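The values are calculated or read from the model by the stated rules, or taken from the named source; none is laboratory data. Predicted model, so just to flag it, every value in this text is computed and none were measured. Note that we place each Cβ from the backbone using ideal geometry, even for glycine, and neighbour counts take in every protein chain shown.
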Amino acid sequence: MAKEIKAKIKLQIPGGGATPAPPVGSALGQYGVNIMDFVQAFNNDTSSRQGEIVPVEITIYEDNSFSYTTKTAPASYLIKKAVGLNSGSPEPHKEKVANITTSQLQTIAEAKKEDLNANDIDAAVKIIAGTARSMGVTVDGKEIDVSVSNEASEERASEDPVSEEEASTEALTEGDSEESN
């Protein structure tokens, strides 16, 4: 018979560095888990990942026992490590702080593949590249512009003759008629 699950908790803890202090103690203590049992087990399992941020998913059962699984480090951590950054850009759309190569992205994607929602390595690379761009890191020295040009938005506006006021009135009228039926 399977154990009844009381709670699932996700934390990010430095490898080999879990302590009974918050966030570990406060997250587990409220469920009656023996905090030191978790801390010792986690530190033993992650001692080879010293200093790395280790995401962990802890499942707590009704009898106050627990199990946990560790994941690969967050993509942002791996990107910062690959390009030698302390932190990402405060304004990633304006200020670029580093460059990452496609081969570095591929290495990170291969390391994280099991934790990513991707069907193949190319999709995984695209996910990691998106994370890099959101941190202000260019990919192979290129900035990818995803904004819509003014000409394109003006063109769409001229195609739609309905004003904003008319559109909101139409939407309101349609909503009112559905409620009255």
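Applying the condition of being out of contact with any Gly (no Cβ under 8 Å at 6 or more places or on another chain) and aliphatic (A, V, I, L, M) to the stretch 41-78 and asking which residue is surrounded by the fewest Cβ atoms within 10 Å (Cβ to Cβ) yields Ala41.
The residues listed here are Thr173, Thr131; of these, the one that is assigned to a helix (DSSP H, G or I) and modelled with pLDDT of 90 or more is Thr131.
Cβ-Cβ distances below 7 Å connect the following pairs, each with a first residue in the stretch 91-118 that is among the β-branched types (Val, Ile, Thr), a second residue that is surrounded by fewer than 13 Cβ atoms within 10 Å (Cβ to Cβ), and a separation of six or more residues or different chains: Thr101/Asp140; Thr102/Asp140.
In the stretch 97-135, what residues are within 18 Å of the chain's Cα centre (by Cα) and of a type in the set (D, E, K, R)? Residues satisfying the conditions are Glu110, Lys112, Lys113, Glu114, Asp115, Lys126, Arg133. Considering the stretch 94-112, and only residues there that are of a type in the set (Lys, Arg) and surrounded by fewer than 17 Cβ atoms within 10 Å (Cβ to Cβ), the residue that is modelled with the lowest pLDDT turns out to be Lys94.
Only strands (runs of 3 or more DSSP E) whose full extent lies in the stretch 1-120 are considered here, and the ones with at least 1 residues that are more than 30 Å from Gly136 (Cα to Cα) and among the aliphatic types (A, V, I, L, M) are 5-14, 53-61. Could you list all residues from the stretch 33-67 that are on the phi < 0 side of the Ramachandran plot and among the small types (Gly, Ala, Ser)? Residues satisfying the conditions are Ala41, Ser47, Ser48, Ser65, Ser67.
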